[in-house]
Amino acid sequence: MDVSQLSGLDRASIPSNPHFTWQNHAMAKSDSGKSSGKRIVAAKPGEFPGKIVDIDVSSEMSDSFLEYAYSVIYSRALPDARDGLKPVHRRILHQMSEMGLRPDKGHVKSARVVGEVMGKLHPHGDGAIYDALVRMAQNFSMRLPLVDGHGNFGSLDAGPAAMRYTEARLASAALMMVEEADEDTVDFGANYDGQILEPLVLPAAFPNLLVNGATGIAVGMATNMAPHNLGEVIQATKHLIENPSATLKQLMKIIPAPDFPTGGSLIGKEGILEAYQSGKGAFKVRAKVEIGKVSARKSGITITELPFNIGPEKVVERISELVKSKKIQGISDIIDLTDGQSGTKVVVEVKNGFEPEAVLENLYKLTPLEDAFSINAVALVNGKPKTLGLKELLQVFIDHRIQVVTRRSNFRKAKATARLNLVEGLLKAIIDIDKVVKIIRGSDDANEAKEALMKSFKLSEEQATYILDMPLRRLTKMSKIELDAEAKELKSTISKLTALLKSEEALRNQVSDELSEVSAKYATARRTLIA
């Protein structure tokens, strides 16, 4: 859906800057009966403050609504298909990385993280930032949590403690999202006040949008994407890298369905196929249950896994209501044994004379033990909202990752080339270190010493400047063997990077190999069964 559909205005009228300044308006009726108003305009230097101009309210409302819609869609509600993050999540991870909150460091108060993010990158409410931080730390919300939380980060039935009580740091998986951002792998842009730079997208070493899913409500559109199994997603990505013409059927043999962090069982393969084809589809998720003896005399149903985003308290409350209103028969007691250690466990005792299987079927029909999940895979692609199927989602990530590896390789090659140039200069100078020292001591100033070094040892200006800037004690202790070994290693690195950059196949293989490393480290078994 194009943003211009939200209004009668032309798409070109949308401002390019996602940050807007709202102005106060005073509505009035003009002599002709048309709505009119007044806008307070910022005065120029030397002018009287509070200059007021007449405006047409209808056109102003159209313009303002379009600006608002544009801001919500592009800067708040929809994730980027490349790294799978909304701006608030991206800013949290980037700022935590800038603060040095790595997995091997201690936790810090969540309030400190929220304050840093709000003050430097995300000028919105602290509640919205903390909610986003909390979600990235919840193992029942994220298939692969990106924040390592310490303290009460909530449950399916209860919210988290206040940010002044909880602590956080980056999870090890989050390093794969933010690492290499300082190697010119992604573009940076000015923050809201133009004081510092922030990444417009993260390098993202794995397809985060598919792995962790996303939800968001914008103006005129919304997104709701299910989480998937990391190992399956990476395997499918590698298959598509090796076989660009792979069909959806082939990919679905590897990724048969979503994989929710809370487990459960999926029902409705047609809806899953439709979602993977068109980006829109619905299916049902059922709780995982065990039927058997729950006491010496009674049989019952033990619920061990629930549908995504359904808490045990909600289930118990609903069953209790149905029993009291006599809409369901055969239940004698409900016991909630759920805790943070053993996980979900709700025991439903069945009266003698009733079949547990029949009671369970009624529970599926009347309670959240069976819940519908609708996929609406809308994400930003090249700055525009687009509905994507499974293959398209994987391809967007592959293209992004190839670009990241290309830019990283160019950066590392340039860095190694610059260092090799300096090492070669040192190798020339170290042959006669006494002469170098004599030239430096005998020169009246740095420029004279630099010219003399360049002439005597045939050095470039950069090499001579580097030698002059180096402490004398360090220069005299330089070892030719060590410098030769470093030069050899740098030449090998440059050669490998040059070969990598010349071959598109080599780049694709590099992306595939790095994905294999991620899978080996973080992949886990599927939790959600497919009925």
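Read-outs: derived from the displayed coordinates by stated rules, not from any lab. Small disclaimer: the values here were computed from a predicted structure and weren't measured. Here Cβ is always computed from backbone atoms with ideal geometry, including for glycine, and neighbour counts include all displayed protein chains.
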**Contact order normalised by residue count of the chain, Cα under 8 Å, 6+ apart, percent** = 14 percent
**Cleavage-rule hits (trypsin sites (Lys or Arg not before Pro)) in segment 457-508: DSSP loop, at most 13 neighbouring Cβ within 10 angstrom** = 458, 477
**Item:** Theoretical gain in end-to-end length, residue 480 to residue 105 [0.36 nm per residue, Cα-Cα removed]
**Value:** 131.2 nm
**Request:** Evaluate the distance, in nm, between pseudo-label points positioned 7 Å from the Cα of residue 158 and of residue 516 along their respective Cα→Cβ axes.
**Result:** 4.7 nm
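Ignoring everything except DSSP H segments at least 4 long, calculate the 222 nm mean residue ellipticity for the chain; use -39,500 (n - 2.57) per segment, divide by total residues, nearest 500.
Helices in the chain give a 222 nm mean residue ellipticity of -13500 deg cm²/dmol.
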**Request:** With a point put 7 Å past each Cα toward its Cβ, work out how far residue 326 is from residue 417 in nm, to one decimal.
**Result:** 8.6 nm
**Asked** Going through segment 448-527, which GluC sites (Glu not before Pro) have at most 11 other Cβ atoms within 10 Å and a DSSP loop state?
**Response** none
**Request:** Before anything else, pin down the relative contact order of segment 331-411: Cα pairs under 8 Å, at least 6 apart, normalised by residue count, whole percent.
**Result:** 14 percent
**Note, ³J(HN,Hα) from phi for segment 207-222, Karplus 6.51, -1.76, 1.60, rounded to Hz, x at Gly and Pro** = x, 5, 4, 6, 5, 9, x, 6, 9, x, 10, 9, 9, x, 7, 8
**Request:** Starting from the amide H of residue 171, placed 1.01 Å from N in the peptide plane, find each other amide H under 5 Å away whose residue is 5 or more places distant or on another chain.
**Result:** 147, 148
**Prompt:** Rounded to the nearest 5, what % of the DSSP beta bridges within the chain are antiparallel ones?
**Reply:** 95 percent
**Item:** Cα-based helix-to-principal-axis angle, 480-502 vs the chain, degrees rounded to 10
**Value:** 50 degrees
**Prompt:** Between [x] 66, 60, 53; [y] 106, 78, 50; [z] 89, 65, 40, which matches Cα extents along the principal axes in Å calculated for the structure shown?
**Reply:** [y]
**Request:** Over 31 Å between C-alpha atoms is what I'm after, so list which of 415/521; 455/480; 450/496; 293/314; 298/326 land there.
**Result:** 450/496
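Please find the FRET efficiency linking residue 224 to residue 491, where r is the Cβ-Cβ separation and R0 is fixed at 60 Å, and quote it to the nearest 0.05.
On the way: r = 52 Å, r/R0 = 0.86.
Working from the Cβ atoms, E equals 0.70.
Can you order the peptides 303-314, 416-427 by their average number of other Cβ atoms within 10 Å per residue, highest first? Each step should come with its number before you reach the end.
Values: 303-314: 20.1, 416-427: 17.7.
In descending order of packing, they fall as 303-314, 416-427.
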**Prompt:** So who's got an amide H within less than 5 Å of the one on residue 259, skipping anything under 5 residues away but keeping other chains? H placed 1.01 Å off N, in plane.
**Reply:** 228, 229
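Using Cα pairs closer than 8 Å and at least 6 residues apart in sequence, work out the relative contact order for segment 432-519, in percent.
Working: 26 pairs, mean separation 13.6, N = 88.
Reported relative contact order: 15 percent.
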